[in-house]
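> First, the structure itself, so that you have it in front of you.
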Amino acid sequence: MPSTLMTQLLTRCFLLSFSVFLIGLFACDKDKTTVINGRVVDKITGAPLDEAFVEFWISHAENPAPNNYELRDLYTDANGEFTTHDNDPISVYWVLKVGYLPKGLGTPVVPIEQGKENDVTIEMIPKDGVLKLNLENNTGIHDTVYVGIYSALQDSELGLSFGFIVNHPFEVPNMTSRSIILNLASEETIDIYWGYFPWPSNSSIKLTPDHGSVYVNRSDTTSFNISF
């Protein structure tokens, strides 16, 4: 066989093999879908949580703003399970369930490996403690007190909360009292701040003149008194 013909045959074989390789490579790239199979459970009991709201953040980096991201919502089924997938980078943005601390919003909910199938479990902290806040106004001047309740658990679960479960004013007329019932996560010491003016919602900036701490017990009511 002439060398020229042999060279042409070898070249064609190489090009054919390389074409098959490229087709396979592009097919693999196209099939690199990120799959998230999740389960939401009670962190204390391990029981599955149905009807939990799960929101996903999907990055469409190739699109110009404001179309460079997408939020996708779904709810867990009767077994506390959910599944979703996408070809673009996707992560669990936050999770909500009545009676539990919300989770996410700037704090990673669970690690997700892009381009792979992820089986994840999301543990929610129950609000199984009760705080009874007793406010007594003895000032004769003010009728509003600003109260901030800081929780380290809340800070770790929900990034944009800065750890504040409560951060707003309560009206208490002069020379009267008022009780407020709050459902909180238990088995932790929370910090309580109060004063007559609002302050920044940042756990590192505590500008209130008065402060106290209380341990919240599980399945029980814990009282805290504020006199002002």
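> If R₀ is 22 angstrom, what is the calculated FRET efficiency for the pair His60 and Val35, using the beta carbon separation as r and rounding to 0.05?
Computed FRET efficiency for His60 and Val35 comes out at 0.75.
> Once the piece of chain linking Ser156 and Gln114 is laid out straight, how much longer is it, given 0.36 nm per residue of separation minus the C-alpha distance between them?
Additional length available on full extension: 12.7 nm.
> On to the next question. Return a whole-number percent for the relative contact order of region 83-228, with Cα pairs under 8 Å and 6 or more residues apart as the contact set.
This gives 28 percent for region 83-228.
> How big is D for region 78-192, in µm² s⁻¹ as a whole number, if Stokes-Einstein is applied with the Kirkwood radius of its Cα pairs at 25 °C and 0.890 mPa s?
Answer from the Stokes-Einstein relation: 146 µm²/s.
> How would you rank 59-72, 95-108, highest first, on the average number of other Cβ atoms within 10 Å across their residues?
Packing proxy ranking, top to bottom: 95-108, 59-72.
> Placing +1 on the Cβ of each Lys and Arg and -1 on the Cβ of each Asp and Glu in region 36-186, which of Gly129, Gln114, Thr76 has its Cα farthest towards the positive end of the resulting dipole?
The listed residue farthest towards the positive side: Gly129.
> How much length, in nm to one decimal, is gained on full extension between Asp73 and Phe53, taken as 0.36 nm per residue of separation minus their Cα-Cα distance?
Result: 6.5 nm gained on full extension.
> Okay, moving on. Which of the trypsin sites (Lys or Arg not before Pro) found in region 104-158 are in a DSSP loop and have at most 16 neighbouring Cβ atoms, other than their own, within 10 Å?
Those satisfying the criteria are Lys116.
> Given a 1.4 angstrom probe, I'd like the percentage of the accessible area of region 85-169 that is carbon and sulfur, rounded to a whole number.
Result for region 85-169: 52 percent of the exposed heavy-atom area is carbon or sulfur.
> Pairs Lys43/Lys127; Lys103/Lys132; Lys103/Lys127: which exceed 18 Å Cα-Cα?
Lys103/Lys132
> How big is the Kirkwood radius of region 46-143, worked out from every pair of different alpha carbons and given in Å to one decimal?
16.2 Å
> Counting only other residues whose beta carbon sits under 14 Å from that of Asp73, what net charge do I get with K and R as +1, D and E as -1?
-2
> By average Cβ neighbour count within 10 Å, what is the ranking of 119-125, 38-44, 78-84 from highest down?
38-44, 119-125, 78-84
> Further question: In debye, nearest 20, what is the charge dipole magnitude of region 83-124 about its Cα centre with +1 on Lys and Arg Cβ and -1 on Asp and Glu Cβ, if you could check?
My answer is approximately 240 debye.
> Just how large is the dipole of region 26-88 about the Cα centre, in debye to the nearest 20, putting +1 at every Lys and Arg Cβ and -1 at every Asp and Glu Cβ?
180 debye
The values are calculated or read from the model by the stated rules, or taken from the named source; none is laboratory data. None of these values were measured; they are calculated from a predicted model. With ideal geometry, Cβ positions are generated from the backbone for all residues, glycine too; neighbour counts draw on all protein chains shown. The area values use the complete protein model at the heavy-atom level, side chains included, leaving out ligands, DNA and RNA. Shrake-Rupley method; radii C 1.70, N 1.55, O 1.52, S 1.80 Å.
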